[in-house]
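Student: After the C-alpha coordinates below, expect a handful of questions from me.
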Amino acid sequence: MSETTFMGVERSLINWKPTIDYSKCDYCMECVEFCPHKVFEVRENEEIRLIVKNPDNCVVFCRACSKTCGVDALSFPDKNMTTQRIKEIRKEMETHD
Amino acid sequence: MIDHFAILPCNGLDKCAGLISRELALKLCESAENEILCPVFYRVSDKKYNKIASERPLLVIDGCLTRCASKLAAEKGLKITKKIIIAEEAKGHGIKLNDNLRITDQEQSLLETLFDELNKNDDNIVPPPSESAMSCEFLYETFQNGKFIFRIPKNGEVFFNENDCWAYVIGNRARIGVTDFVQQNLSDILYFTPPEIGAEIDQFGELGEIESSKSVFELVSPVSGKVISINEKLVGKPELLNENPYELGWVAEIELTKFEDDKELLIGFDKYFEIMKKKVEEING
Ligand code: SF4
Ligand code: SF4
(Lines give C-alpha, C1' and ligand atoms only; values in the text may rest on other atoms or scores of the structure.)
(Ligands and ions follow the chains in the order given, each with its own letter.)
Protein backbone atom coordinates (compact mmCIF):
# COMPACT_ATOMS: atom_id res chain seq x y z
CA MET A 1 0.00 0.00 0.00
CA SER A 2 1.00 3.63 -0.17
CA GLU A 3 2.83 5.88 2.21
CA THR A 4 0.77 7.17 5.06
CA THR A 5 2.93 10.23 5.51
CA PHE A 6 4.72 12.60 3.15
CA MET A 7 7.63 14.56 4.60
CA GLY A 8 6.39 13.65 8.04
CA VAL A 9 2.91 15.06 7.38
CA GLU A 10 -0.08 12.79 7.58
CA ARG A 11 -1.08 12.05 3.99
CA SER A 12 -4.75 12.72 4.55
CA LEU A 13 -3.95 16.34 5.39
CA ILE A 14 -2.36 16.96 2.00
CA ASN A 15 -4.65 17.75 -0.89
CA TRP A 16 -2.98 16.06 -3.84
CA LYS A 17 -4.97 13.92 -6.22
CA PRO A 18 -6.07 13.79 -9.83
CA THR A 19 -9.41 15.34 -10.75
CA ILE A 20 -11.26 13.86 -13.70
CA ASP A 21 -12.96 16.22 -16.11
CA TYR A 22 -15.93 14.09 -17.10
CA SER A 23 -16.76 16.36 -20.02
CA LYS A 24 -13.50 15.21 -21.62
CA CYS A 25 -12.94 11.68 -20.29
CA ASP A 26 -13.74 8.94 -22.81
CA TYR A 27 -13.15 6.08 -20.35
CA CYS A 28 -10.18 4.68 -22.21
CA MET A 29 -8.85 3.59 -18.79
CA GLU A 30 -5.22 4.26 -19.69
CA CYS A 31 -4.77 6.07 -16.39
CA VAL A 32 -6.14 3.15 -14.41
CA GLU A 33 -3.84 0.71 -16.11
CA PHE A 34 -0.92 3.00 -15.63
CA CYS A 35 -1.14 3.91 -11.95
CA PRO A 36 0.08 1.16 -9.63
CA HIS A 37 -1.37 2.79 -6.50
CA LYS A 38 -5.05 1.94 -6.82
CA VAL A 39 -6.06 5.59 -6.85
CA PHE A 40 -8.78 5.09 -9.46
CA GLU A 41 -11.70 2.71 -9.39
CA VAL A 42 -13.58 1.41 -12.40
CA ARG A 43 -17.32 1.00 -11.96
CA GLU A 44 -18.45 -1.07 -14.89
CA ASN A 45 -22.20 -0.75 -14.64
CA GLU A 46 -22.60 2.83 -13.58
CA GLU A 47 -23.02 5.93 -15.60
CA ILE A 48 -19.81 7.42 -14.27
CA ARG A 49 -17.49 4.54 -14.94
CA LEU A 50 -14.36 5.90 -13.34
CA ILE A 51 -13.81 7.64 -10.03
CA VAL A 52 -10.90 8.77 -7.87
CA LYS A 53 -11.51 6.26 -5.12
CA ASN A 54 -8.40 6.56 -2.97
CA PRO A 55 -7.05 10.10 -3.29
CA ASP A 56 -4.62 9.58 -0.44
CA ASN A 57 -2.90 6.78 -2.33
CA CYS A 58 -1.82 9.29 -4.93
CA VAL A 59 1.90 10.07 -4.63
CA VAL A 60 2.27 13.71 -3.65
CA PHE A 61 3.60 15.73 -6.64
CA CYS A 62 3.21 12.83 -9.06
CA ARG A 63 1.25 13.74 -12.19
CA ALA A 64 2.26 10.79 -14.27
CA CYS A 65 -1.19 9.49 -15.18
CA SER A 66 -2.10 12.82 -16.77
CA LYS A 67 0.64 12.18 -19.32
CA THR A 68 -1.11 9.02 -20.46
CA CYS A 69 -4.46 10.72 -20.89
CA GLY A 70 -5.04 11.36 -24.57
CA VAL A 71 -7.79 13.90 -24.03
CA ASP A 72 -6.15 15.83 -21.19
CA ALA A 73 -8.93 15.12 -18.72
CA LEU A 74 -6.80 14.88 -15.58
CA SER A 75 -5.75 17.88 -13.53
CA PHE A 76 -3.90 18.39 -10.26
CA PRO A 77 -3.69 21.02 -7.54
CA ASP A 78 -1.11 23.80 -7.73
CA LYS A 79 2.31 22.53 -6.66
CA ASN A 80 3.36 25.76 -4.96
CA MET A 81 0.24 25.95 -2.86
CA THR A 82 0.65 22.35 -1.86
CA THR A 83 4.27 22.93 -0.85
CA GLN A 84 3.26 25.95 1.23
CA ARG A 85 0.53 23.97 2.94
CA ILE A 86 2.92 21.14 3.79
CA LYS A 87 5.32 23.63 5.33
CA GLU A 88 2.52 25.21 7.35
CA ILE A 89 1.38 21.88 8.70
CA ARG A 90 4.93 20.99 9.66
CA LYS A 91 5.20 24.29 11.56
CA GLU A 92 1.94 23.61 13.35
CA MET A 93 3.21 20.16 14.26
CA GLU A 94 6.41 21.60 15.71
CA THR A 95 4.57 24.06 17.93
CA HIS A 96 2.33 21.27 19.21
CA ASP A 97 5.22 19.00 20.11
CA MET B 1 16.00 21.65 -41.20
CA ILE B 2 14.28 18.31 -41.12
CA ASP B 3 15.82 16.49 -44.05
CA HIS B 4 16.63 12.83 -44.68
CA PHE B 5 14.62 11.84 -41.65
CA ALA B 6 12.35 8.88 -41.19
CA ILE B 7 9.06 10.26 -39.88
CA LEU B 8 6.72 8.20 -37.76
CA PRO B 9 3.44 10.08 -37.28
CA CYS B 10 0.16 9.28 -35.62
CA ASN B 11 -2.21 7.74 -38.12
CA GLY B 12 -4.58 10.64 -37.68
CA LEU B 13 -7.98 9.00 -37.86
CA ASP B 14 -9.02 9.23 -34.24
CA LYS B 15 -8.54 12.81 -33.11
CA CYS B 16 -7.96 16.21 -34.59
CA ALA B 17 -4.45 16.31 -33.06
CA GLY B 18 -3.69 13.11 -34.91
CA LEU B 19 -4.93 14.57 -38.13
CA ILE B 20 -2.49 17.42 -37.76
CA SER B 21 0.42 15.08 -37.09
CA ARG B 22 -0.36 13.17 -40.24
CA GLU B 23 -0.65 16.30 -42.35
CA LEU B 24 2.54 17.70 -40.86
CA ALA B 25 4.37 14.49 -41.77
CA LEU B 26 3.11 14.77 -45.34
CA LYS B 27 4.18 18.37 -45.59
CA LEU B 28 7.65 17.54 -44.28
CA CYS B 29 7.94 14.86 -46.94
CA GLU B 30 6.88 17.18 -49.72
CA SER B 31 9.39 19.82 -48.74
CA ALA B 32 12.49 17.66 -48.27
CA GLU B 33 13.86 14.16 -48.62
CA ASN B 34 12.01 12.72 -45.66
CA GLU B 35 10.16 9.46 -45.59
CA ILE B 36 7.04 8.44 -43.72
CA LEU B 37 6.73 5.19 -41.82
CA CYS B 38 3.02 4.38 -41.87
CA PRO B 39 2.19 3.29 -38.33
CA VAL B 40 -0.55 0.91 -39.37
CA PHE B 41 1.48 -0.89 -41.97
CA TYR B 42 4.57 -0.88 -39.79
CA ARG B 43 2.67 -2.66 -37.06
CA VAL B 44 2.10 -5.71 -39.26
CA SER B 45 5.26 -5.70 -41.31
CA ASP B 46 8.81 -4.67 -40.51
CA LYS B 47 10.31 -5.44 -43.85
CA LYS B 48 9.29 -2.37 -45.73
CA TYR B 49 10.61 0.12 -43.18
CA ASN B 50 13.47 -1.56 -41.38
CA LYS B 51 16.11 -0.20 -43.69
CA ILE B 52 15.03 3.45 -43.57
CA ALA B 53 14.37 3.23 -39.89
CA SER B 54 17.83 1.95 -39.16
CA GLU B 55 19.68 4.33 -41.45
CA ARG B 56 17.98 7.64 -40.80
CA PRO B 57 17.38 9.83 -37.78
CA LEU B 58 13.80 9.43 -36.58
CA LEU B 59 11.22 12.14 -36.01
CA VAL B 60 8.17 10.96 -34.08
CA ILE B 61 5.02 13.05 -34.33
CA ASP B 62 2.48 12.05 -31.72
CA GLY B 63 -1.02 13.41 -31.95
CA CYS B 64 -2.19 13.22 -28.36
CA LEU B 65 -0.76 12.13 -25.06
CA THR B 66 -1.61 8.51 -25.70
CA ARG B 67 1.64 8.66 -27.70
CA CYS B 68 0.83 5.76 -30.02
CA ALA B 69 3.65 6.65 -32.39
CA SER B 70 6.23 6.83 -29.57
CA LYS B 71 5.03 3.53 -28.24
CA LEU B 72 5.33 1.94 -31.64
CA ALA B 73 8.88 3.29 -31.96
CA ALA B 74 9.64 1.70 -28.60
CA GLU B 75 8.16 -1.62 -29.66
CA LYS B 76 10.28 -1.61 -32.77
CA GLY B 77 13.38 -0.72 -30.78
CA LEU B 78 13.91 2.54 -32.69
CA LYS B 79 15.95 5.41 -31.38
CA ILE B 80 14.02 8.67 -31.40
CA THR B 81 16.08 11.65 -32.53
CA LYS B 82 13.38 14.24 -32.19
CA LYS B 83 9.75 14.28 -31.33
CA ILE B 84 6.76 16.50 -30.85
CA ILE B 85 3.27 15.99 -29.46
CA ILE B 86 0.69 17.98 -31.38
CA ALA B 87 -1.73 18.31 -28.47
CA GLU B 88 1.02 19.88 -26.35
CA GLU B 89 2.13 22.16 -29.16
CA ALA B 90 -1.46 23.32 -29.67
CA LYS B 91 -1.68 24.12 -25.98
CA GLY B 92 1.62 25.98 -26.10
CA HIS B 93 0.28 28.10 -28.96
CA GLY B 94 -2.98 28.78 -27.16
CA ILE B 95 -5.07 26.81 -29.64
CA LYS B 96 -8.00 24.70 -28.60
CA LEU B 97 -8.44 21.79 -30.97
CA ASN B 98 -11.87 20.68 -32.15
CA ASP B 99 -13.27 17.23 -32.75
CA ASN B 100 -13.11 17.47 -36.53
CA LEU B 101 -11.18 15.06 -38.68
CA ARG B 102 -10.79 17.48 -41.57
CA ILE B 103 -8.33 20.34 -41.77
CA THR B 104 -9.89 23.76 -41.25
CA ASP B 105 -8.20 27.17 -41.14
CA GLN B 106 -7.22 26.80 -37.53
CA GLU B 107 -5.46 23.47 -38.04
CA GLN B 108 -3.86 24.74 -41.21
CA SER B 109 -2.30 27.70 -39.46
CA LEU B 110 -1.01 25.57 -36.57
CA LEU B 111 0.41 23.19 -39.12
CA GLU B 112 2.30 25.97 -40.90
CA THR B 113 3.65 27.29 -37.61
CA LEU B 114 4.86 23.89 -36.47
CA PHE B 115 6.39 23.22 -39.86
CA ASP B 116 8.37 26.46 -39.68
CA GLU B 117 9.40 25.85 -36.11
CA LEU B 118 10.60 22.35 -36.82
CA ASN B 119 12.70 23.49 -39.74
CA LYS B 120 14.02 26.51 -37.93
CA ASN B 121 14.87 24.80 -34.66
CA ASP B 122 17.01 22.31 -36.39
CA ASP B 123 19.20 24.93 -37.98
CA ASN B 124 20.52 25.99 -34.64
CA ILE B 125 21.08 22.60 -33.14
CA VAL B 126 24.22 24.06 -31.53
CA PRO B 127 23.73 23.31 -27.87
CA PRO B 128 23.28 26.31 -25.60
CA PRO B 129 26.37 27.14 -23.60
CA SER B 130 26.49 25.04 -20.51
CA GLU B 131 28.77 25.88 -17.68
CA SER B 132 29.31 22.57 -16.03
CA ALA B 133 32.09 22.54 -13.53
CA MET B 134 30.76 20.28 -10.83
CA SER B 135 32.65 17.17 -10.02
CA CYS B 136 30.62 14.76 -7.97
CA GLU B 137 32.04 11.68 -6.35
CA PHE B 138 29.41 9.29 -5.21
CA LEU B 139 29.70 6.72 -2.44
CA TYR B 140 27.04 4.04 -2.57
CA GLU B 141 25.02 1.73 -0.46
CA THR B 142 23.28 -1.06 -2.36
CA PHE B 143 20.48 -3.51 -1.85
CA GLN B 144 19.15 -6.30 -3.96
CA ASN B 145 15.64 -7.30 -4.88
CA GLY B 146 15.32 -10.32 -7.13
CA LYS B 147 17.84 -9.89 -9.89
CA PHE B 148 18.00 -6.13 -9.53
CA ILE B 149 20.64 -4.28 -7.59
CA PHE B 150 19.76 -0.78 -6.45
CA ARG B 151 22.42 1.79 -5.63
CA ILE B 152 21.79 4.81 -3.46
CA PRO B 153 24.38 7.53 -2.86
CA LYS B 154 25.20 7.93 0.80
CA ASN B 155 27.38 11.03 0.79
CA GLY B 156 26.31 13.80 3.11
CA GLU B 157 26.19 16.21 0.13
CA VAL B 158 23.38 14.26 -1.50
CA PHE B 159 19.77 15.09 -0.64
CA PHE B 160 16.58 13.41 -1.84
CA ASN B 161 12.89 14.05 -2.11
CA GLU B 162 10.25 11.38 -1.79
CA ASN B 163 9.70 11.63 -5.54
CA ASP B 164 12.91 9.71 -6.18
CA CYS B 165 15.08 12.60 -7.31
CA TRP B 166 18.46 13.49 -5.84
CA ALA B 167 20.47 16.70 -5.53
CA TYR B 168 24.23 16.69 -5.04
CA VAL B 169 24.95 20.02 -3.43
CA ILE B 170 28.29 21.82 -3.55
CA GLY B 171 28.30 25.46 -2.44
CA ASN B 172 25.47 27.29 -4.19
CA ARG B 173 25.08 24.68 -6.91
CA ALA B 174 23.36 21.36 -7.17
CA ARG B 175 23.48 18.62 -9.71
CA ILE B 176 20.12 16.85 -10.05
CA GLY B 177 19.07 13.44 -11.21
CA VAL B 178 16.80 10.50 -10.58
CA THR B 179 17.56 7.42 -8.49
CA ASP B 180 17.92 3.82 -9.51
CA PHE B 181 14.30 3.29 -8.49
CA VAL B 182 13.04 5.49 -11.33
CA GLN B 183 15.23 3.99 -13.99
CA GLN B 184 14.46 0.39 -13.00
CA ASN B 185 10.79 1.13 -12.76
CA LEU B 186 10.56 2.83 -16.16
CA SER B 187 12.78 0.15 -17.75
CA ASP B 188 14.28 1.11 -21.13
CA ILE B 189 14.43 4.88 -21.32
CA LEU B 190 13.94 6.17 -24.84
CA TYR B 191 13.68 9.89 -24.60
CA PHE B 192 14.81 12.72 -22.38
CA THR B 193 13.28 16.19 -22.53
CA PRO B 194 15.63 18.52 -20.67
CA PRO B 195 14.52 21.61 -18.78
CA GLU B 196 15.33 24.93 -20.37
CA ILE B 197 18.61 26.55 -19.46
CA GLY B 198 17.89 29.74 -17.54
CA ALA B 199 14.51 28.52 -16.30
CA GLU B 200 13.64 29.39 -12.71
CA ILE B 201 12.36 26.31 -10.93
CA ASP B 202 10.56 26.06 -7.61
CA GLN B 203 11.16 23.23 -5.22
CA PHE B 204 9.00 20.34 -6.48
CA GLY B 205 8.69 22.08 -9.84
CA GLU B 206 9.09 20.17 -13.09
CA LEU B 207 12.66 19.66 -14.26
CA GLY B 208 12.23 17.88 -17.57
CA GLU B 209 10.79 14.52 -18.48
CA ILE B 210 12.02 11.02 -19.03
CA GLU B 211 10.10 8.65 -21.19
CA SER B 212 10.10 4.92 -21.67
CA SER B 213 7.70 2.70 -23.55
CA LYS B 214 5.98 2.14 -20.21
CA SER B 215 5.44 5.71 -19.15
CA VAL B 216 6.56 9.29 -18.76
CA PHE B 217 8.28 10.45 -15.59
CA GLU B 218 8.27 14.11 -14.71
CA LEU B 219 11.33 15.06 -12.70
CA VAL B 220 10.31 16.71 -9.47
CA SER B 221 13.07 19.14 -8.56
CA PRO B 222 14.37 18.63 -5.01
CA VAL B 223 15.59 22.24 -4.85
CA SER B 224 14.65 25.65 -6.15
CA GLY B 225 16.87 27.80 -8.34
CA LYS B 226 17.96 28.55 -11.87
CA VAL B 227 18.91 25.89 -14.41
CA ILE B 228 22.49 26.61 -15.43
CA SER B 229 23.32 23.52 -17.38
CA ILE B 230 21.87 20.27 -18.62
CA ASN B 231 23.48 16.94 -19.32
CA GLU B 232 23.77 17.23 -23.07
CA LYS B 233 25.07 13.70 -23.45
CA LEU B 234 21.74 12.50 -22.17
CA VAL B 235 19.83 14.21 -24.96
CA GLY B 236 21.45 12.00 -27.57
CA LYS B 237 21.87 8.97 -25.31
CA PRO B 238 18.95 8.68 -22.90
CA GLU B 239 19.94 5.07 -22.25
CA LEU B 240 22.72 6.44 -20.00
CA LEU B 241 19.97 6.82 -17.42
CA ASN B 242 19.52 3.08 -17.30
CA GLU B 243 23.22 2.48 -17.27
CA ASN B 244 23.91 4.80 -14.37
CA PRO B 245 21.56 7.60 -13.28
CA TYR B 246 24.20 9.24 -11.07
CA GLU B 247 27.62 9.82 -12.64
CA LEU B 248 26.47 9.42 -16.26
CA GLY B 249 22.75 10.03 -16.29
CA TRP B 250 22.48 13.18 -14.18
CA VAL B 251 19.95 15.60 -15.61
CA ALA B 252 20.69 19.23 -14.85
CA GLU B 253 22.61 21.65 -12.68
CA ILE B 254 20.93 24.37 -10.73
CA GLU B 255 22.14 27.54 -9.10
CA LEU B 256 20.50 27.42 -5.71
CA THR B 257 18.40 30.32 -4.53
CA LYS B 258 16.73 29.15 -1.32
CA PHE B 259 18.57 26.07 -0.28
CA GLU B 260 18.17 26.69 3.45
CA ASP B 261 14.38 26.79 2.96
CA ASP B 262 14.42 23.84 0.60
CA LYS B 263 16.26 21.73 3.14
CA GLU B 264 13.17 21.64 5.28
CA LEU B 265 11.52 19.39 2.69
CA LEU B 266 14.53 17.27 1.79
CA ILE B 267 15.66 13.99 3.25
CA GLY B 268 19.05 12.41 3.61
CA PHE B 269 20.36 8.99 2.74
CA ASP B 270 19.08 7.11 5.83
CA LYS B 271 15.50 8.08 5.29
CA TYR B 272 15.47 7.73 1.54
CA PHE B 273 17.11 4.32 1.72
CA GLU B 274 14.19 3.06 3.81
CA ILE B 275 11.58 4.70 1.57
CA MET B 276 13.08 3.31 -1.61
CA LYS B 277 13.40 -0.17 -0.18
CA LYS B 278 9.77 -0.10 0.80
CA LYS B 279 8.70 1.08 -2.64
CA VAL B 280 10.71 -1.61 -4.36
CA GLU B 281 9.20 -4.26 -2.12
CA GLU B 282 5.68 -2.95 -2.79
CA ILE B 283 6.19 -3.18 -6.52
CA ASN B 284 8.17 -6.39 -6.79
CA GLY B 285 6.84 -8.16 -3.74
S1 SF4 C 1 -6.82 8.34 -19.30
FE2 SF4 C 1 -8.08 10.18 -19.41
S3 SF4 C 1 -9.72 9.67 -20.85
FE4 SF4 C 1 -8.76 7.72 -20.25
S5 SF4 C 1 -10.02 7.03 -18.53
FE6 SF4 C 1 -8.31 8.19 -17.66
S7 SF4 C 1 -9.11 10.26 -17.42
FE8 SF4 C 1 -10.49 9.21 -18.82
S1 SF4 D 1 -0.57 11.11 -10.08
FE2 SF4 D 1 0.72 9.30 -10.00
S3 SF4 D 1 0.14 8.29 -8.10
FE4 SF4 D 1 -1.43 9.81 -8.53
S5 SF4 D 1 -3.02 8.73 -9.60
FE6 SF4 D 1 -1.69 9.55 -11.17
S7 SF4 D 1 -0.14 8.00 -11.56
FE8 SF4 D 1 -1.20 7.45 -9.69
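Student: Need one number: nm distance between label points at B:LYS277 and B:ASN98, each 7 Å from Cα along Cα→Cβ, rounded to one decimal.
Tutor: Here the answer is 6.0 nm between the modelled labels.
Student: Could you tell me which of the pairs A:LYS79/B:LYS15; A:LYS17/A:LYS87; B:LYS83/B:LYS279; B:LYS15/B:LYS76; B:LYS120/B:LYS258 are separated by over 26 angstrom between their Cα atoms in the structure shown?
Tutor: Values: A:LYS79/B:LYS15 30 Å; A:LYS17/A:LYS87 18 Å; B:LYS83/B:LYS279 32 Å; B:LYS15/B:LYS76 24 Å; B:LYS120/B:LYS258 37 Å.
Long pairs (Cα-Cα over 26 Å): A:LYS79/B:LYS15; B:LYS83/B:LYS279; B:LYS120/B:LYS258.
Student: Whose amide H sits under 5 Å from the amide H of B:ALA252, counting only residues 5 or more places off or on another chain, with H placed in the peptide plane?
Tutor: Those lying under 5 Å, H to H, from B:ALA252 are B:ILE176, B:ASN231.
Student: Can you give me the relative contact order of region B:6-118 as a percent, contacts being Cα pairs under 8 Å and 6 or more apart?
Tutor: 33 percent
Student: Counting heavy atoms of the protein chains only and a 1.4 Å probe, report the per residue accessible area for region B:6-118 as a whole number of Å². All intermediate terms of the calculation are to be shown ahead of the outcome.
Tutor: Details: 5550 Å² over 113 residues.
Per-residue accessible area for region B:6-118 comes out at 49 Å².
Student: May I pose another question? Please report the spacing between the Cα centers of region B:1-67 and region A:53-97 in Å, no decimals.
Tutor: First find each Cα centre; the distance between them is then 37 Å.
Student: If the elastic network links every pair of Cα atoms under 10 Å, which of B:LYS79, B:LYS233, B:LYS91 fluctuates the most in the Gaussian network model of chain B?
Tutor: Ranking B:LYS79, B:LYS233, B:LYS91 by mean-square fluctuation puts B:LYS91 first.
Student: Can you give the Rg to Rh ratio for chain B, taking only C-alpha atoms and Rh from Kirkwood?
Tutor: Result for chain B is an Rg/Rh of 1.01.
Student: If a helix is a whole DSSP H run, which ones in chain B reach 20 Å or further along their own axis (Cα) and hold a mean Kyte-Doolittle hydropathy of at least -0.5?
Tutor: Long hydrophobic helices here: B:16-31.
Student: Once both labels are modelled 7 Å past Cα along the beta-carbon direction, what's the B:ASP105-B:ASP14 spacing in nm?
Tutor: 3.1 nm
Student: Using mean Cβ contacts within 10 Å as the protection proxy, how do B:276-284, B:200-208 order, highest first? Write out the running numbers ahead of the final one.
Tutor: Details: B:276-284: 14.6, B:200-208: 20.4.
Order by mean packing, descending: B:200-208, B:276-284.
Student: Still on this structure, I have one more. Ranked from highest to lowest mean number of other Cβ atoms within 10 Å per residue, what is the order of the peptides B:239-248, A:13-22?
Tutor: Output ranking for B:239-248, A:13-22: B:239-248, A:13-22.
Student: For the interface of chains B and A, what total accessible area is buried with a 1.4 Å probe, rounded to the nearest 100 Å²?
Tutor: Details: alone 14330 and 6800 Å², together 18790 Å².
Approximately 2300 Å², summed over both chains.
Student: How much accessible surface does B:SER109 have with a 1.4 Å probe, in Å² rounded to 10?
Tutor: Counting only protein heavy atoms, B:SER109 exposes about 60 Å² to solvent.
Student: Add -39500 (n - 2.57) for each DSSP H run of 4 or more in chain B, then divide by its residues: what number comes out at 222 nm, to the nearest 500 deg cm²/dmol?
Tutor: Result for chain B, helices only: -10000 deg cm²/dmol.
Student: Now a separate question. What does the highest-first list of B:257-266, A:47-56 look like by mean Cβ count within 10 Å?
Tutor: The densest-packed peptide leads the list: B:257-266, A:47-56.
Student: Roughly what would the spin-label model give for B:LYS76 and A:ASN80, points 7 Å off Cα along C-beta, in nm?
Tutor: Roughly 4.3 nm, to one decimal.
Student: For region B:6-118, which semi-axes, largest first and in whole Å, follow from the square roots of 5 times the eigenvalues of its Cα gyration tensor?
Tutor: Equivalent ellipsoid of region B:6-118: 23, 14, 12 Å, largest first.
The values are calculated or read from the model by the stated rules, or taken from the named source; none is laboratory data. It should be emphasised that the depicted structure is a prediction, and the values quoted were computed from it without experimental measurement. Cβ: placed from backbone, ideal geometry, glycine included. Neighbour counts: every protein chain shown. These accessible areas exclude ligands, DNA and RNA; they are computed on the full protein's heavy atoms, side chains included. Shrake-Rupley method; radii C 1.70, N 1.55, O 1.52, S 1.80 Å.
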